[in-house]
Each structure stands twice: as structure tokens, then as C-alpha cells.
Amino acid sequence: MVGENSDRQIAFVASLITGQQSSVMEIVINKGSVDGVKNGEQYLIFGYGAEITDPETGENLGPLEVVKGRGKVVHTQERFSTVRSIETEPPRTVKTVKGAQFPFSSGHVIEEEIPRVLPFRDVQVGDRARPI
């Protein structure tokens, strides 16, 4: 069954790894190499919100998945894995002067677009992680 197969792929957030200013850039999920998890795989991290009801039929459609971010497996152990956030904001342009011999020459300016990686949003132990 499709639902049965997808349930086996769902992992749970087991631990949070906090960085600067208490932002969560990495999480630990409760699936590892024995479950087939490999470095480089991407996961959608989510929690459950309110139950959604079909306005026409009144049927309960299930809980809303509240997305907390996307991440990539950076370290796999036998029974758990570390997942790092890969969500980014639009890149900002940074200008760097190369080859300058101050105060005698100006060198040349190199422009680079540098994206900023964002932390997971309000992630909690017990949230879910699904391969994407």
C-alpha cells in the first residue's frame, strides 16, 4: 500500500543542534544507515497543524503539514542521522577588492553572490522528516 510505504520513510526529529543566537541549523533524525539513509539525501521537515475539513462534504481531510524547512543529510550513523538546513534567502552581492597594494593601487573588484542559509523554523523534537 502507498500509505504503508510512506509511513516507513517518515523519520522523527530526535534532537536539535543549536548554533549562534539559538538558531537550529542541524537536527538529528531517528533513521540511519540500517534504515537506508545515505549522506546527501534531502528531507522535508514538518510538524502537524490544524485538521482540515472539506467545505463541501464536511469530510476530515487530515492535518495540515506545517513546513519547518528542508535539509540534507551530512552524517549518517547506524541508527540516526544529522540533517543540515539547506533553506536559503535570496543571495546578496558582495564586492571584494583583489590585488590591491594599498595605498598605491586599487586592484580589481570581484562581485560574488552569496546566499545565506536559514535555520529551521520553529522545529521541535517529535516533528517529522520525509525524504524528498
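Taken together, the values in this text are just the output of simple stated rules run on the coordinates, not laboratory data. Worth saying up front: this structure is predicted, and the values here are computed from it rather than measured. Using ideal geometry, Cβ is built from the backbone for each residue, glycine included, and neighbour counts are taken over all protein chains shown.
For the range 26-77, what class follows from the C-alpha gyration tensor (a ≥ b ≥ c being the square roots of its eigenvalues): rounded when a/c is under 1.5, otherwise prolate if a/b is larger than b/c, else oblate? Display every interim value, and only then the final one.
Values: a/c = 3.93, a/b = 2.91, b/c = 1.35.
In terms of gyration-tensor shape, prolate.
Where the centre of each part is set by its Cα atoms, how far does the range 27-44 sit from the range 67-89, in angstrom?
First find each Cα centre; the distance between them is then 8 Å.
Sticking with the crude label model, points 7 Å out along Cα→Cβ, report the distance from T18 to K72 in nm, one decimal please.
2.7
By per-residue mean of other Cβ atoms within 10 Å, what is the highest-first order of 65-72, 84-91? It would help to have the intermediate numbers written out before the result.
Values: 65-72: 18.1, 84-91: 13.5.
With the highest mean Cβ count within 10 Å placed first, the list reads 65-72, 84-91.
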